[in-house]
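Asks: Pasting a structure below so you can have a look.
A short reminder: the numbers here are calculations on the coordinates, not readings from a lab. If you're wondering where the values come from, they're calculated on a predicted model, not measured in any experiment. Neighbour counts are summed over all protein chains in view; Cβ atoms, including those assigned to glycine, are modelled from backbone coordinates with ideal geometry.
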Amino acid sequence: MNTRIFSTIGSRLLGALPSLAAVIVVTFVIMRLLPGDPAAFFAGPAASAEAVEQIREQLGLNRSLPVQFWDYLGDLAQGDFGQSFTTGQPVAADLVSRLPASLELTIVALLIAVVLGLPLGVLSATRPNSWVDQVTRLVTTTGTCLPTFFTGLVLIYVFYYLLGWSPAPLGRLDLMYSPPPEVTGFYTIDAVLAGDWEVFRSALAQLILPAVTLGFFALAPLARMTRAGLLGVLSSDYVRTARACGLSSRVVLTRYALKNTLVPILNTMGMVFSYLLGINVLVEKVFAWPGVGSYALEALVASDYAPVQGFVLAIAVLYVLLNLSVDIACGLVDRRLAR
Amino acid sequence: MNDEKPLFEVTDLSVKFHTRLGEVAVLDHIHLNVGAGETVAVVGESGSGKSVMAFAALGILDPAGKVTSGSVRFADHDLLTLRKAALDDLRGRELAMIFQAPRTALNPILPVGRQIEDVLARHSDLSRSDRRDAAVAQLASVKITDPAKRYHNFPYELSGGMCQRVMIAIALACKPRLLIADEPTTGLDVTTQVVIMDLIAELAAANGMATLLITHDLGLASDYCARIAVMHAGQILESASARTLFKSPRHPYTARLFAATPRPGATLESLTSIPGQLPDLRQPQPPCRFSTRCERVQPGCTEPGLVLTPMPTDSAHLLACRNPL
Ligand SMILES: Nc1ncnc2c1ncn2[C@@H]1O[C@H](COP(=O)(O)OP(=O)(O)OP(=O)(O)O)[C@@H](O)[C@H]1O
Ligand SMILES: [Mg+2]
């Protein structure tokens, strides 16, 4: 059983290699196709043509594309993601230091979506056309059609500007505080571990608005999939059998209905999580959140190739791992899927 | 039938479904009863409403279906007005059902033994380990070989016949007084059909359990049941002991059904199909819903007030026909 799981994981990871290779090629090519000249950007607006040319040479950008690509592959093979012109740091170090910020935001957003979305979906499936169902429909529709950056701006306007309940949307922590000693990289958890409740309060206060913004977006597909999946399962033969056997409503709903809806829910959660990784880019910008998304966006504007390539590759690897965990979880719920 | 009240009694039951295409009167004033320990069959074509009747009795109708008249009595309980908690105490314990499609009737992601245990947990005070033993014993009682190992199997790992045995094991786990068996052998091969039917009959006899067999197979019904009710488009047209019905059917539809049932000694040519098809129940129906297909139809058939009434000669033989054979 255990060896089978490991061999499954191994073969799935191997199977993901071609996609990762494609991601590497495509991002490399697209970055070069985009307008913008990193050498010119780096040299600044006042630089002379020779200065720009000199910088181009320094950065190795004067060589042919195949040679540049070959060098890039060689570096990647050694775990070197290259250097960011804008921060002057190795991309790998930048990503590692910024990834926890993005993950903390995304995970809390997903938690919000799950904690609200699943009950909404369950309630609206068990009481179709009731007021809960109507509310769910309204929430899911608005959640789908409002762009996240717009939701974020509205929340900032209302809760920071009008009501003053939220701190300024400027990063992960009030400027008064310094980050807690790093254990997980998640400020809220690290602050709790350090027993520093003031920092915890500040980190949480900073986190709420961007997490709600993302969570509101993630809620819609989750609530909708829960509702649809549960409705289907509730009219299934085996739920009817369970009712005919006099099993209590609670057992019928949990052991028979919800557990059978778990596979589509888990799949939706995986899908939503990967969407969130992408959408983060905008929300991080709006809330000045120092995550990998805003990092990549700034690099993109500066035509700074290495960070963007590193970001896309990191997200792709995360995506592969995420899908793998979703599949393993689904296999645990429904053994037919584990074969 | 004797003078005492039957164990299970359906009186004047009507069910309507709300569909997008309008209201469908699926059951029309159904009468049916089953005495303690008795075996009764309901026979009718596919779509005649047999399953709907059973679902309505057990309170497991689709939300789109509504009971519009009548009552269902089991022992001293009126099933249609019983509180849900009280109904749940009866279902699975005194009154059990097995279903048409054995594979989909089982929870696909729960080992079959656990599904038996769930019923025991609901209706008995056995301890956890006793429940487990009882579940294994229950699997053995439906003649599943190696029950301790089968306990851990998921439905997808079992054959259709095996799933139906498991379903029987679940239904009979609490030794109910009445078993409603809804086409327990459809989808199974002929040999397995016989085995499953014999198993049900044997367990019913051993426990003194009454059985309501729902089937479209008149042959199967007369082999296993003492009494047969013939259903057509949501109406009971005739009901009598299997022997009476076999010897002298009075309703043209019953006679047609017998003519369409393969039996020993009959040639394929002698089998005749029933003309026409079930009426479209979204349209208003004449008092006898078979009249549009009936060769003995006469002007009186359209007059209202047709009811299932005992024959003057035999009070156990009920008939709803204006121009019987
Ligand atoms: N959920 C539903 N919504 C609308 N109509 C329904 C529903 N369930 C059943 N019906 C209708 O009720 C009628 C009787 O169906 P039922 O399943 O009871 O037939 P049956 O006699 O059990 O047939 P079979 O032998 O195929 O099982 C059919 O015409 C069917 O279309
Ligand atoms: Mg049926």
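Asks: Taking the Cα centre of chain A as the origin and placing charges on Cβ (Lys, Arg +1; Asp, Glu -1), which of A:Val52, A:Val25, A:Leu321 is farthest toward the positive end of the dipole?
Replies: Value: A:Leu321.
Asks: Quick check: net charge around A:Leu65, other residues with Cβ under 11 Å of its Cβ, Lys/Arg +1 and Asp/Glu -1?
Replies: Values: positive: A:Arg32, A:Arg63; negative: A:Asp71.
The answer is +1.
Asks: For region A:176-319, with the dipole built from +1 on Lys and Arg beta-carbon atoms and -1 on Asp and Glu ones, taken about the Cα centre, which of A:Ser249, A:Asn260, A:Thr184 lies farthest toward the positive end?
Replies: Of the listed residues, the answer is A:Ser249.
Asks: Distance in nm between label sites at B:Lys143 and B:Ser127, each 7 Å beyond Cα in the beta-carbon direction?
Replies: 3.4 nm
Asks: Here's something else I'd like to know. Please get the size of the charge dipole for chain A, origin at its Cα centre, with Cβ charges of +1 on Lys and Arg and -1 on Asp and Glu, quoted in debye to the nearest 20.
Replies: Roughly 2140 debye for chain A.
Asks: Spin-label point model (7 Å from Cα, Cβ direction): what's the A:Ala329 to A:Leu138 distance in nm?
Replies: Roughly 3.0 nm, to one decimal.
Asks: Mind putting a number on the dipole of the protein assembly as shown about its Cα centre? Charges go on the C-beta only, +1 for Lys and Arg and -1 for Asp and Glu, and I need it in Debye to the nearest 20.
Replies: Values: 54 positive and 55 negative charges, 356 e Å.
My answer is approximately 1700 debye.
Asks: Using modelled amide H (1.01 Å from N, peptide plane; none on Pro or chain starts), what sits under 5 Å from the amide H of B:Ile180, excluding residues fewer than 5 places away?
Replies: Those qualifying (amide H under 5 Å, at least 5 residues apart or on another chain) are B:Ala96, B:Met97, B:Ile98, B:Leu212.
Asks: Classify region B:157-226 as rounded, prolate or oblate, taking a ≥ b ≥ c as the square roots of the eigenvalues of its Cα gyration tensor: rounded when a/c is under 1.5, otherwise prolate if a/b is larger than b/c and oblate if not.
Replies: oblate
Asks: Can you work out the PRE-style zone for B:Thr11? Point 7 Å along Cα to Cβ, and I want the residues of region B:58-76 with backbone N under 15 Å.
Replies: Under 15 Å, as judged by backbone N against the label point of B:Thr11, lie B:69-76 of region B:58-76.
Asks: Modelling each spin label as a point 7 Å along the Cα-to-Cβ direction, I'd like the A:Phe149/A:Lys285 distance in nm, to one decimal.
Replies: Rounded to a tenth, the inter-label distance reads 0.4 nm.
Asks: For chain B, give the magnitude of the charge dipole about the Cα centre (Cβ charges: +1 Lys/Arg, -1 Asp/Glu; no others), in debye to the nearest 20.
Replies: So the magnitude is around 320 debye.
Asks: Report, in listed order, any pair from B:Lys84/B:Lys143; A:Lys259/B:Lys143; B:Lys16/B:Lys84 with a Cα-Cα distance greater than 24 Å.
Replies: Violating the 24 Å Cα-Cα cut-off are B:Lys84/B:Lys143; A:Lys259/B:Lys143.
Asks: Here's something else I'd like to know. Near A:Leu95, within a Cβ-to-Cβ distance under 14 Å, what is the net charge of the other residues, with Lys and Arg +1 and Asp and Glu -1?
Replies: Working: positive: A:Arg98; negative: A:Asp80, A:Asp94, A:Glu284, A:Glu298, A:Asp304.
Net charge in that neighbourhood comes out at -4.
Asks: Cβ under 12 Å from A:Ala203's Cβ, A:Ala203 left aside: what net charge do those residues give with Lys, Arg +1 and Asp, Glu -1?
Replies: -3
Asks: Nearest 10 degrees, 0 to 90: what angle lies between the long axis of helix B:128-141 and the longest principal axis of chain B (Cα atoms)?
Replies: With both axes taken from Cα atoms, the answer is about 50 degrees.
Asks: Please report how far the C-alpha centroid of region B:19-40 lies from that of region A:31-82, rounded to the nearest whole angstrom.
Replies: Cα centres, region B:19-40 to region A:31-82: 81 Å.
Asks: What are the aspartates and glutamates whose alpha-carbon lies under 16 Å from the alpha-carbon of A:Lys285, with same-chain residues fewer than 8 places away excluded?
Replies: A:Glu104, A:Glu298
Asks: Set Lys and Arg Cβ to +1 and Asp and Glu Cβ to -1, take the dipole of the protein assembly as shown about its Cα centre, and tell me which of B:Leu106, A:Leu231, A:Leu297 lies farthest positive.
Replies: B:Leu106
Asks: Also, quick follow-up: By how many nm would the segment from A:Arg127 to A:Val158 lengthen if fully extended, with 0.36 nm per residue of separation less the alpha-carbon distance? Intermediate values should be presented prior to the final figure.
Replies: On the way: separation 31, 0.36 × 31 = 11.16 nm, distance 3.30 nm.
Fully extending the segment from A:Arg127 to A:Val158 adds 7.9 nm.
Asks: Sticking with this one: Give the angle, between 0 and 90 degrees and rounded to the nearest 10, that separates the Cα long axis of helix A:131-145 from the longest principal axis of the Cα atoms of chain A.
Replies: 20 degrees
Asks: Taking amide hydrogens as modeled 1.01 Å from N in the peptide plane, which residues meet the under 5 Å criterion relative to B:Ala41, leaving out close sequence neighbours?
Replies: Residues meeting the amide H criterion: B:Leu213, B:Arg227, B:Ile228, B:Ala229.
Asks: Another question about this same structure. Would you list B:Asp125, B:Asp280, B:Asp28, A:Asp174 from fewest to most Cβ contacts within 10 Å?
Replies: In increasing order of surrounding Cβ atoms, one gets B:Asp125, B:Asp280, A:Asp174, B:Asp28.
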